[in-house]
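Structure first, then comments.
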Amino acid sequence: MKSILFSNFIFCLFLPCFLYAYQLTDTTKIPISANLISLDIQNNIYAVDRNQRIVKFQQNGEKLNFYQNNKLGRVQQIDVANPHKLLVFYPQQQTIVFLDRNMTELSRIELNQFNIPEVSTVGVSNDNQVWIFDEFDNMLKKMDGSGNVRSISENTIGLWGESLQPHLIRERYNKVFLLDENKGIFVFDNLGNPFQKISIRGIVDFSVINANTLILNHRDKGIAYYRLSEERFTTIDWSENFPGINILQMRIQGNNILIRTNNELIFVRQ
């Protein structure tokens, strides 16, 4: 364990809820080389390792369970918005797998069976259905657990003059965020109507902190935050708090932070 003090200045810039003296007192390090990480509302930690095994940890670093399916290829997305029904997307086989809290498979959707041949990314909706982006139609679509399409957006070429190749969808706070690394983040409401475009290229990952704030991972500028209402992009210098650490990915849940580096995860709690 290691005590880390973050300056008031950084957190006043970072998130509105941190407008007070803030002490992060405990740090847990988990030795694992991961490609993806996630953090659920119960502060359970998920990591996809180099063997495409999805491992679940408690916040103290204790390993709980894991899931692995060598037949489905690479894990592109794991959405833990509902910790009792995790979504995992395998793009090579166009397959969505749902896991329970014990990392046991509940069900799956094989998208090729529903005449949707080019899905680039998927995510959980607030009503426990599934958002997909259909690259063939250039449309955001919502499906139920049986693969039936329940709602669709307009074609993104008609909406923004852009055909997209997104690799990440997240619905949070009744907004759907669609990330295309080469074009930016395209924001819809939860009915699939266009809401806002963030025209910043080079974003490789993001988290939604609240209805107005995103944490962005930019391939050149590192970790930054973005306020939707102000359309303001601000980088954050973490070198004082994490000297010598190359932050590859970050997740924030409440007052806690999960960081992925080259060979370990760092979980910092208040």
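Restricting Asn217, Asn246, Asn241, Asn210 to those that are under 20 Å from Asn174 (Cβ atoms) and touching a residue at least 12 places away in the same chain (Cβ under 8 Å) reduces the list to Asn210.
Yes/no matrix, rows are residues, columns are (1) within 17 Å of Asp134 (Cα to Cα); (2) buried (at least 17 other Cβ atoms within 10 Å of the Cβ); (3) touching a strand residue (DSSP E or B) at 6+ places or on another chain (Cβ under 6 Å):
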{"site": "Ser153", "(1), (2), (3)": "yes, yes, yes"}
{"site": "Ser163", "(1), (2), (3)": "yes, no, no"}
{"site": "Leu179", "(1), (2), (3)": "yes, yes, yes"}
{"site": "Gln196", "(1), (2), (3)": "no, no, yes"}
{"site": "Asp205", "(1), (2), (3)": "no, yes, yes"}
{"site": "His218", "(1), (2), (3)": "no, yes, yes"}
{"site": "Lys221", "(1), (2), (3)": "no, no, yes"}
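In the list Phe89, Phe133, Phe66, which residue meets the criterion of being touching a residue at least 12 places away in the same chain (Cβ under 8 Å), surrounded by fewer than 19 Cβ atoms within 10 Å (Cβ to Cβ), of a type outside the set (S, T, N, Q) and not in a loop (DSSP other than H, G, I, E, B)?
Phe66
Scanning segment 179-202 for residues that are basic (Lys, Arg) and assigned to a strand (DSSP E or B) yields one hit, Lys197.
Can you pull out the residues in segment 101-118 that are within 22 Å of Ser38 (Cα to Cα) and in a loop (DSSP other than H, G, I, E, B)?
Answer for segment 101-118, where residues must be within 22 Å of Ser38 (Cα to Cα) and in a loop (DSSP other than H, G, I, E, B): Arg101, Asn102, Met103, Thr104.
Looking across segment 243-270 at every residue that is modelled with pLDDT of 90 or more and among the basic types (Lys, Arg), the one that is surrounded by the fewest Cβ atoms within 10 Å (Cβ to Cβ) is identified as Arg251. Residue check: Ser163 meets all listed conditions (1) of a type outside the set (D, E, K, R); (2) out of contact with any Phe, Trp or Tyr (no Cβ under 8 Å at 6 or more places or on another chain); (3) closer than 20 Å to Arg251 by Cα but one, namely (3). Here segment 160-213 is the region considered, the condition is being under 17 Å from Ser229 (Cβ atoms) and of a type in the set (Lys, Arg), and the residue that is farthest from the chain's Cα centre (by Cα) is Lys197.
Which of the residues spanning segment 140-161 are assigned to a loop (DSSP other than H, G, I, E, B), free of Cβ contacts under 8 Å to residues at least 24 places away in the same chain and over 15 Å from Phe114 (Cα atoms)? Hits for segment 140-161 are Asn155, Gly161. Which members of segment 24-63 meet the condition of being surrounded by fewer than 19 Cβ atoms within 10 Å (Cβ to Cβ), assigned to a loop (DSSP other than H, G, I, E, B) and of a type in the set (Val, Ile, Thr)? Within segment 24-63, Thr25, Ile41 meet the criteria.
Please go through segment 167-178 and give me each residue that is part of a strand (DSSP E or B) and either among the small types (Gly, Ala, Ser) or touching a residue at least 40 places away in the same chain (Cβ under 8 Å) (or both), ordered by number. Answer for segment 167-178, where residues must be part of a strand (DSSP E or B) and either among the small types (Gly, Ala, Ser) or touching a residue at least 40 places away in the same chain (Cβ under 8 Å) (or both): Leu168, Ile169, Arg170, Glu171, Arg172, Val176, Leu178. The strands (runs of 3 or more DSSP E) falling completely within segment 203-270 that include 2 or more residues that are under 17 Å from Leu178 (Cα atoms) and hydrophobic (A, V, I, L, M, F, W, C) map to 203-210, 213-218.
The values are calculated or read from the model by the stated rules, or taken from the named source; none is laboratory data. All of these numbers come straight from a predicted model, not from anything done at the bench. Ideal geometry is used to build each Cβ from the backbone, glycine not excepted, and the neighbour counts take in all protein chains shown.
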